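> Once you've had a glance at the structure underneath, I'll fire off some questions.
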Amino acid sequence: MRTRWYKDAVVYQIYPRSFCDSDGDGIGDLRGIISKLDYLQELGVDAVWLSPIYASPNEDNGYDISDYRSIMPEFGTMDDFKEMVAGLHARGIRLIMDLVANHTSDEHEWFRQSRSSVDNPYRDYYIWRKGKGKNGKRPPNNWTSNFLGPAWEYDAQTQEYYLHLFARKQPDLNWDNPKVRREIADICNYWFELGVDGFRCDVITYVSKTPGLPDACDVPLRGLKYYAIGPNYHAYMHELYLNSWSKYDSMTVGEAAGVSCDDAPSCIDETREELDSIFGFEHVNFCDRFCMVIPRKLNLPKFKRVLARWQAMPKTCQPTLFLENHDQSRSLPRFVGDYGALRKEAAKSLAISMMFQRGTPYIYQGQEIGMTNCAFGDDEYRDIMSINALKAVTKYAPLCKGIVRNVLAHAARDHARTPMQWNASHGAGFTDGAPWMKINPNHTEIHVEESMRDPDGIFGFYRDLLRYRKGNDLVIEGDFVLEYPKDKRLFVYRRTLGARQLLVIANYTNRKVKFRLPAACVDQPSALVLSSYRDTAPTAGDCVLRPYEAAVYEIGKST
Ligand code: TEU
């Protein structure tokens, strides 16, 4: 029976490589995670989403899988995995694994077979085409890879090209082959039987490609319109639901790059029996992006408008609430900018404005202590996307190197991947050895020990927020009403359920801002639930909000 437990769950994302290293090799691992289970319980999360831990040559840090049924040796063993699952479950925390099924590693056995000859039984597991032009020397179409350059690679063995929407070492699986879809369902069932509670499905909206793979002219990702929610996407998701997800008390969340709010209900409405939820990127994408040379400041009215549209989806559609993940730079510099000495207040203001909306909130490791971006030298980037960008600009447009450096300084995926800051020691409590990537020098001030000790710390704030949220049907299912949509400084909304109301107010600026109580709250008793300042007014009313002051009030209830 599916209980849809995700409707009242807060999920914590772990990027295992950077979370906690137990054996001093500088790389986070499963035993490191096991040592932090009490920490997760103390925070009060209901589930963990674990970025990939399967065998992988690590071209893209595990998002290139070479064996779906085994654990990457750097991360540990199957016994470690079982112990971790038991430890999570003993603490009432569920486990969501990352299902990377749009592509595999080129070192996966399927691909080794596939590339060996045109009549190998695995040939059709991937997308092979003959080249175009005289002697077939041009790629089969003009699509570009998400990681720069053409989306096709020529393979001399059989003199054909294979499609890779990401790195060259990440060939796309051919989901039009029913055998491939059966393999994926079997893989899900294998992990369910090991106790896993659900899947975060990597770029799952890309799995169905338009037949004929036509040339495209969209920018910056040429071809996207021919594979984002392609013609058979819904049929394939429903089939996976029937063959796997529906058989367990599971939850699924799909990474839905290229999907707008208008398309979302068709992907996640409960009646469709496909995915349970998706991550849309409309609210994060208009911030700073690779393709935008100059990083932009947050456009708050637009941000609110996008979020409000997702909130307005039917109640049979579960939104996701997130600002960070392993592909995004940190939310503080990105959504707030110039917070100066008010880092804690700013982090709390962001948390309040996001986590009282309807939906499943996600906290990315380090967000709960307000980790920030890191300054990197060119040779300190570890992400293939950053490395490719620097290589390409050096080769083709050296004069533009400054621009690329600037974009990376704001938007590189590396910012989210610096090791978790547990304490102020040399290895940040992350490792005793040499870390696989740079530790943010600010770990001497920003770290878990400090945050847990501080009575006004961000950690304790998140813990209180999660406690309040748990089981609170007003937060879980109440209606969302955006107030002052055009206001460029304040994010204000109400949640209502019958006669009950919550008022959520967040100042997104480093200035004082006048606040006027929304009409629906006037002349009503109110009580403060949570705020970013210790001495925020105990009842709601017209006031001047301090920089990053944010508060949640129960309305209609007296103090
Ligand atoms: O991400 C897909 C994806 O579209 C992002 O890489 C996107 O390009 C990036 O967010 C822009 O900021 C998923 C994984 O989350 C990512 O880590 C993998 O690299 C990628 O798929 C390939 O598996």
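The values are calculated or read from the model by the stated rules, or taken from the named source; none is laboratory data. Remember, it's a predicted structure, so these values are computed and weren't measured experimentally. With ideal geometry, Cβ positions are generated from the backbone for all residues, glycine too; neighbour counts draw on all protein chains shown. In case anyone asks, the SASA skips ligands and DNA or RNA and just uses the protein heavy atoms, side chains included. Shrake-Rupley method; radii C 1.70, N 1.55, O 1.52, S 1.80 Å.
> Taking the condition of being away from the ligand (no atom under 16 Å from the Cβ) and either open to solvent by less than 10 Å² (accessible area, probe 1.4 Å) or under 20 Å from the mean Cα position of the chain (by Cα) (or both), how many residues in the stretch 49-74 meet it?
The qualifying residues number 0.
> Shifting gears a bit: Does the stretch 304-323 hold any residues that are within 16 Å of the ligand (Cβ to nearest atom) and either open to solvent by less than 10 Å² (accessible area, probe 1.4 Å) or touching an Asp or Glu at 6+ places or on another chain (Cβ under 6 Å) (or both), and which are they?
At the first step, the residues of the stretch 304-323 found to be within 16 Å of the ligand (Cβ to nearest atom) are 320, 322-323.
Within the stretch 304-323, F322, L323 meet the criteria.
> Can you name every residue in the stretch 151-203 that is within 13 Å of the ligand (Cβ to nearest atom) and assigned to a loop (DSSP other than H, G, I, E, B)?
Matches in the stretch 151-203: A151, H164, L165, F166, A167, R168, K169, Q170, P171, D202, V203.
> Where residues in the stretch 109-132 are part of a loop (DSSP other than H, G, I, E, B) and open to solvent by less than 50 Å² (accessible area, probe 1.4 Å), which of them is nearest to the ligand (Cβ to nearest atom)? Steps first, please.
Here is the first cut: in the stretch 109-132, the ones part of a loop (DSSP other than H, G, I, E, B) are 117-122, 127, 130-131.
Now narrow it down to the ones that are open to solvent by less than 50 Å² (accessible area, probe 1.4 Å): 117, 120, 127, 131.
Working: S117: 27, N120: 25, I127: 16, G131: 25 Å.
Looking at residues that are part of a loop (DSSP other than H, G, I, E, B) and open to solvent by less than 50 Å² (accessible area, probe 1.4 Å), I get I127.
> Right, next: Anything in the stretch 334-349 that is under 17 Å from the mean Cα position of the chain (by Cα) and open to solvent by 10 Å² or more (accessible area, probe 1.4 Å)? List them, or say none.
R334
> Let me ask something else about it. Name the residue, out of R296, R334, that is within 16 Å of the ligand (Cβ to nearest atom), charged (D, E, K, R), at pLDDT below 95 and assigned to a helix (DSSP H, G or I).
Every option except R334 fails the conditions.
> Here is a follow-up. Answer yes if at least one residue in the stretch 340-357 is modelled with pLDDT under 95 and out of contact with any His (no Cβ under 8 Å at 6 or more places or on another chain), and no otherwise. Walk me through how you get there before you give the answer.
Of all residues in the stretch 340-357, those modelled with pLDDT under 95 come to 340.
Filter again for out of contact with any His (no Cβ under 8 Å at 6 or more places or on another chain), leaving 340.
Looking through the stretch 340-357, at least one residue is modelled with pLDDT under 95 and out of contact with any His (no Cβ under 8 Å at 6 or more places or on another chain).
> Let me ask something else. Can you find, within the stretch 352-404, the residue that is nearest to D479 (Cα to Cα) among those that are among the basic types (K, R) and more than 16 Å from the ligand (Cβ to nearest atom)? I'd like the intermediate steps shown before the answer.
Within the stretch 352-404, the first condition is being among the basic types (K, R), and the residues that meet it are 358, 382, 391, 395, 401.
Keeping just the survivors that are more than 16 Å from the ligand (Cβ to nearest atom) gives 358, 391, 395, 401.
Values: R358: 8, K391: 49, K395: 53, K401: 48 Å.
Going through the qualifying residues, I end up with R358.
> Check the stretch 372-382 and report whether any residue there is touching a residue at least 60 places away in the same chain (Cβ under 8 Å), touching a helix residue (DSSP H, G or I) at 6+ places or on another chain (Cβ under 9 Å), assigned to a strand (DSSP E or B) and surrounded by 22 or more Cβ atoms within 10 Å (Cβ to Cβ).
no
> Picking from A416, A428, which residue would you name as being within 23 Å of the chain's Cα centre (by Cα), of a type in the set (G, A, S) and within 24 Å of K344 (Cβ to Cβ)?
After applying the criteria, what remains is A416.
> Name the pairs whose Cβ atoms lie under 6 Å apart, with the first residue in the stretch 87-104 and more than 22 Å from A55 (Cα to Cα) and modelled with pLDDT of 95 or more, the second away from the ligand (no atom under 16 Å from the Cβ) and of a type in the set (S, T, N, Q), and 6 or more positions between them or separate chains?
R91/Q41
> Do we find that R343 is out of contact with any Asp or Glu (no Cβ under 6 Å at 6 or more places or on another chain), away from the ligand (no atom under 16 Å from the Cβ) and of a type outside the set (A, V, I, L, M) in this structure? Walk me through how you get there before you give the answer.
Details: out of contact with any Asp or Glu (no Cβ under 6 Å at 6 or more places or on another chain): yes; away from the ligand (no atom under 16 Å from the Cβ): yes; of a type outside the set (A, V, I, L, M): yes.
Considered against the rule, which asks whether it is out of contact with any Asp or Glu (no Cβ under 6 Å at 6 or more places or on another chain), away from the ligand (no atom under 16 Å from the Cβ) and of a type outside the set (A, V, I, L, M), R343 comes out as yes.
> Scanning the stretch 385-411 for residues that are modelled with pLDDT under 95 and in contact with an Asp or Glu (Cβ under 7 Å, 6 or more places away or on another chain), which turns out surrounded by the most Cβ atoms within 10 Å (Cβ to Cβ)?
Result: A411.
> Among the listed residues A264, A257, which satisfies the condition of being under 21 Å from the mean Cα position of the chain (by Cα), among the aliphatic types (A, V, I, L, M) and open to solvent by 10 Å² or more (accessible area, probe 1.4 Å)?
A257
> Which residues, taken from the stretch 488-509, are open to solvent by 70 Å² or more (accessible area, probe 1.4 Å) and in contact with a Gly (Cβ under 8 Å, 6 or more places away or on another chain)?
Of everything in the stretch 488-509, those that are open to solvent by 70 Å² or more (accessible area, probe 1.4 Å) and in contact with a Gly (Cβ under 8 Å, 6 or more places away or on another chain) turn out to be A499, R500.
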